[in-house]
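Novice: Sharing a structure here in structure tokens format.
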Amino acid sequence: MTRLKIGVAAESLKLTTPFRIAGHVFDDCDVVCVTLDDGTHQGRGEASGVYYFGDDAAHMMAEIERVRGAIERGADRSDLRSILPPGGARNAVDCAMWDLEAARAGMPVWKLAGLPEPRALVTTFSLGADAPDDMAMKASALVDARSIKIKLTGHVELDIARVRAIRAARPDVWLSVDGNQGFERGDLDILIPALVEQTVSLLEQPLARGDEAALEGLNSSIPIAGDESVISLDDVAAAHGRFDVINIKLDKCGGLTEALLMVAAARELEMAIMVGCMVGTSLGTAPSFLLGQLCDLVDLDGPMFLSQDRAPSVVYREGTLFAHGDIWGGR
């Protein structure tokens, strides 16, 4: 077998404006890019890591260096699931391996993975937490958006005011809210009726990871999605009965290989599936776009927050996303 050469590089990406969620404000984004080269073909992958686990660029690069020898000697995507834990490092390498396989086979990744031929997907566009009037103005400026996600902070009355202001500005869109672990169980008795009043269709990760049991028996007419509580395949079974939806992110689970296993497991449990992303470029978004072909909800607006994306880039048009194969995974 041809020995692979691995290229690993970190890049710092600037955001157009600071982006605030519960407990964190993003001013920039560091990504790690992996290139696999067999002397004839190349594959690329990008990861942003998982900020709330300290999975930053330095950590991802150290993890990749730790297994460099095994990868160069021919470890495959299946091997990655045992030699690297879920997270950004595995995601970058896994996606580079898929891209390399596509180049070798002369076949796009979607065919290799048995996925349907890609179509444009309606995607959610996220609004960082801010003053209600400012968020309403930003919602109005998203003229093409069909779906908007509102970042909340755990301050119940202020969060309700945010939702009301945005709904008044955009009565036409599908709305969801993301608590990013910011609420306590008692807050939901006030929050959920207010969300129902504003025709909000999804409440994502209201409680902290580790507090999932508090959701058991919750009488909510709005579906509850698990994000930080559902990292990898190992978390899917425990999410059943607590969450109605799981949010799969390649940076969390460790790449498209693990994500496909999570989709199959969630479908067996009759759970709905959402694909999300961290902030990153089109190179990091394209594999998630393919996963989105299997999902009920799509939240892939990461490149929209960057002051400059890669070229070629994904296309956002009339509230939808499309990733051409020349970005990643297409031959």
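Novice: What's the extension gain from residue 216 to residue 157 if we count 0.36 nm per residue and subtract their Cα-Cα distance?
Specialist: On the way: separation 59, 0.36 × 59 = 21.24 nm, distance 2.44 nm.
Length gained between residue 216 and residue 157: 18.8 nm.
Novice: Give a residue-ordered list of calculated ³J(HN,Hα) values for segment 166-171 (Karplus: 6.51 cos²θ - 1.76 cosθ + 1.60, θ = phi - 60°; whole Hz; x for Gly, Pro).
Specialist: Coupling constants for segment 166-171: 6, 5, 5, 6, 10, x Hz.
Novice: On to the next question. For segment 304-315, in order, what is each residue's ³J(HN,Hα) by Karplus, 6.51 cos²θ - 1.76 cosθ + 1.60 with θ = phi - 60°, in whole Hz (x at glycine and Pro)?
Specialist: 5, 8, 8, 6, 8, 9, 6, 10, x, 10, 5, 10
Novice: Grab the DSSP H runs of the chain that are 4 residues or longer, score each as -39,500 (n - 2.57), total them, divide by all residues and round the 222 nm result to the nearest 500 deg cm²/dmol.
Specialist: Values: 12 runs with 110 residues, N = 331.
When only DSSP H runs of four or more count, the value is -9500 deg cm²/dmol.
Novice: For residue 22, list long-range residues whose amide hydrogen, built 1.01 Å from N in the peptide plane, is under 5 Å from its own amide hydrogen.
Specialist: Under 5 Å from the amide H of residue 22: 152.
Novice: Along segment 110-116, what does the Karplus equation 6.51 cos²θ - 1.76 cosθ + 1.60 (θ = phi - 60°) give for ³J(HN,Hα), rounded to whole Hz, x for Gly and Pro?
Specialist: Per residue, the Karplus-derived 3J(HN,Hα) values read 4, 6, 4, 8, x, 8, x Hz.
Novice: What would the Debye equation give as log₁₀ I(q)/I(0) for the chain at q = 0.08, 0.14 Å⁻¹, counting only Cα atoms as equal point scatterers?
Specialist: The computed values of log10 I(q)/I(0) come out as -0.35, -1.08.
Novice: Once you have a ≥ b ≥ c as the square roots of the Cα gyration tensor eigenvalues for segment 39-142, tell me rounded if a/c is under 1.5, and otherwise prolate or oblate according to whether a/b is larger than b/c. Could you put the intermediate results ahead of the total?
Specialist: Details: a/c = 3.28, a/b = 1.54, b/c = 2.14.
Taking the square roots of the gyration eigenvalues as a ≥ b ≥ c, segment 39-142 is oblate.
Novice: List the residues whose amide H sits under 5 Å from the amide H of residue 125, counting only those 5 or more places along or on another chain, with H placed 1.01 Å from N in the peptide plane.
Specialist: Here 147, 148, 149 satisfy the definition.
Novice: What do you get for Rg/Rh over segment 139-201 if you use C-alpha atoms and the Kirkwood form of Rh?
Specialist: Details: Rg = 11.4 Å, Rh = 11.9 Å.
Answer for segment 139-201: 0.96.
Novice: A further question follows. Using a cut-off of under 17 Å, list every residue of segment 146-173 whose amide N is near the label point 7 Å from the Cα of residue 133 along the Cα-to-beta-carbon line.
Specialist: 158-159, 161-170
Novice: What stretch of the chain, leaving out the sites themselves, is the longest with no GluC sites (Glu not before Pro) in a DSSP loop having at most 13 other Cβ atoms within 10 Å? Mind dumping the intermediate values first?
Specialist: Details: sites that count: 184, 216, 270, 318.
In short, 1-183.
Novice: Here's something else I'd like to know. According to a simple spin-label model (label point 7 Å from Cα along Cα-to-Cβ), what is the distance in nm between residue 311 and residue 196?
Specialist: Here the answer is 5.2 nm between the modelled labels.
Novice: Here is a follow-up. According to a simple spin-label model (label point 7 Å from Cα along Cα-to-Cβ), what is the distance in nm between residue 107 and residue 56?
Specialist: Result: 4.2 nm between the two label points.
Novice: At what distance in nm do the modelled label points of residue 143 and residue 272 sit from each other, each positioned 7 Å from its Cα along Cα→Cβ?
Specialist: 3.0
Novice: Just subtract the alpha-carbon distance of residue 120 and residue 14 from 0.36 nm times their residue separation and send over the number in nm, one decimal. Working shown, then result.
Specialist: Numbers: separation 106, 0.36 × 106 = 38.16 nm, distance 2.68 nm.
Result: 35.5 nm gained on full extension.
Novice: What does the charge count near residue 134 come to, summing +1 for each Lys or Arg and -1 for each Asp or Glu among other residues with Cβ under 13 Å from its Cβ?
Specialist: Working: positive: 20, 138, 151, 162; negative: 130, 133.
Its environment carries a net charge of +2.
Novice: Just to confirm my numbers, what's the Cα centroid distance between segment 274-317 and segment 76-111 in Å?
Specialist: Computed from Cα coordinates, the inter-centre distance equals 18 Å.
Novice: Please compute the contact order of the chain in relative form: average sequence separation of alpha-carbon pairs under 8 Å and at least six residues apart, divided by the residue count, as a percent.
Specialist: On the way: 742 pairs, mean separation 62.9, N = 331.
With pairs under 8 Å counted, the relative contact order is 19 percent.
Novice: Sticking with this structure for a sec: What does the convex hull of the Cα atoms come to per residue for segment 248-331, in Å³? The partial results should precede the final answer.
Specialist: Values: hull volume 7.6 nm³, N = 84.
Per residue, the Cα convex hull of segment 248-331 comes to 90 Å³.
Novice: Determine the sum of side-chain charges near residue 258: Lys and Arg each +1, Asp and Glu each -1, restricted to other residues whose C-beta is under 14 angstrom from that of residue 258.
Specialist: Numbers: positive: 77, 81, 90, 249, 252; negative: 76, 79, 94, 234, 235, 251.
Once all neighbours under 14 Å are counted, the net charge is -1.
Novice: Please enumerate, by chain and number, the lysines with C-alpha under 28 Å from the C-alpha of residue 151, excluding those fewer than 8 residues away in the same chain.
Specialist: 14, 138, 249, 252
A short reminder: the numbers here are calculations on the coordinates, not readings from a lab. Since this is a predicted model, take the numbers as computed values, not measurements. All Cβ positions, even for glycine, are placed from backbone atoms using ideal geometry, and neighbour counts span all protein chains on display.
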